[in-house]
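These notes concern the structure reproduced below.
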Amino acid sequence: MKKNSITSNIILIGMMGSGKTTVGQLLSSYLNFTFIDTDRLIENQQGMSVDDIFNQKGESYFRKLERNIITDLPKTHAVISTGGGLPIYNDNSSKLNRLGITLYLEANEQSILKRIPIQSGRPLFSSKKGDISNLISNRKEVYNKAKYIINTNDKSPDKVMNSILKILFG
Ligand code: S3P
C-alpha cells in the first residue's frame, strides 16, 4: 500500500513515557500529516502548563478540557498524540476510535521509568516502585480497546515507527 493511501488520522494512546510524542512526530513527517499533541493543544488554549492546570484547577478540570478538546481535533490527515489519561475518561476511547486509527503504544513500568526524567513536569508521574505498574493495570482494559497494540519495551522510536508502518502498510 502506498504512503498516500491513508487519509485517516493516526491516534497514539498509552502511558506517559511510551513514546507517543516522539514516535508521533516521526510518523507525521513520514506521512506528511499534521502533528498534534493534545497536552500542547490544551496548554496553548489555556495559556498554562498541564502541571499548573493540575495544581491550580485540579485533575477533574483537566479531564474536562481533554474531553472538550476532542471536538477540536482534525478529522483526517493528522497524527494525534494523546495525553496518557485522555482515553480513560468520559468514554473518550470510543470517540478516538471513531476519529481515526488508534494504536496503543504499550510500555511496562521499567521502560517508562527509563524514559521519563524524575523532574518531568508530569503531575501523575511517580518513580516509586509499583506506582506506574498500578496505573497501567487500572488503565489497560481501556487502552486495549485501541485498534492495534504495539509493544515498545526496549525499542527505539525508529523501531516503533517501523512496527507501525508495517501494520499500516503491510
Ligand atoms: C497524564 C499524562 C500526561 C498529561 C497529564 C496526565 C496521565 O501526558 O496529560 O500529565 O494521566 O497519564 P503524557 O502521556 O503525554 O505524558
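Key figures for this structure:
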item	result
Conditions (1) open to solvent by less than 50 Å² (accessible area, probe 1.4 Å); (2) outside any helix (DSSP H, G or I); number of the one not met by Phe35	(1)
Residue match in region 69-91 (condition: touching an Asp or Glu at 6+ places or on another chain (Cβ under 6 Å) and part of a loop (DSSP other than H, G, I, E, B))	yes
Residue that is within 9 Å of the ligand (Cβ to nearest atom), open to solvent by less than 10 Å² (accessible area, probe 1.4 Å), among the acidic types (Asp, Glu) and more than 18 Å from Ile164 (Cα to Cα), where the choices are Glu59, Glu66	Glu66
Residue pairs meeting the criteria (Cβ under 6 Å; at least 6 apart or on separate chains; first touching a residue at least 24 places away in the same chain (Cβ under 8 Å), in region 49-61; second hydrophobic (A, V, I, L, M, F, W, C) and in a helix (DSSP H, G or I))	Phe54/Phe62
Neighbours by Cβ (under 8 Å, 6+ apart or cross-chain): first from region 69-95, farther than 13 Å from Lys145 by Cβ and open to solvent by 60 Å² or more (accessible area, probe 1.4 Å); second within 12 Å of the ligand (Cβ to nearest atom) and in a helix (DSSP H, G or I)	Asp72/Leu41; Tyr89/Arg63; Tyr89/Glu66; Asn90/Arg63; Asn90/Glu66
Failed item in (1) in contact with a His (Cβ under 7 Å, 6 or more places away or on another chain); (2) within 14 Å of the ligand (Cβ to nearest atom), with Thr34 passing the rest	(2)
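The values are calculated or read from the model by the stated rules, or taken from the named source; none is laboratory data. For clarity, every value in this text was computed on a predicted model and none was experimentally measured. Every residue, glycine among them, receives a Cβ derived from its backbone with ideal geometry; neighbour counts consider all protein chains shown. For accessibility, only protein heavy atoms count, side chains too; no ligands or nucleic acids. Shrake-Rupley method; radii C 1.70, N 1.55, O 1.52, S 1.80 Å.
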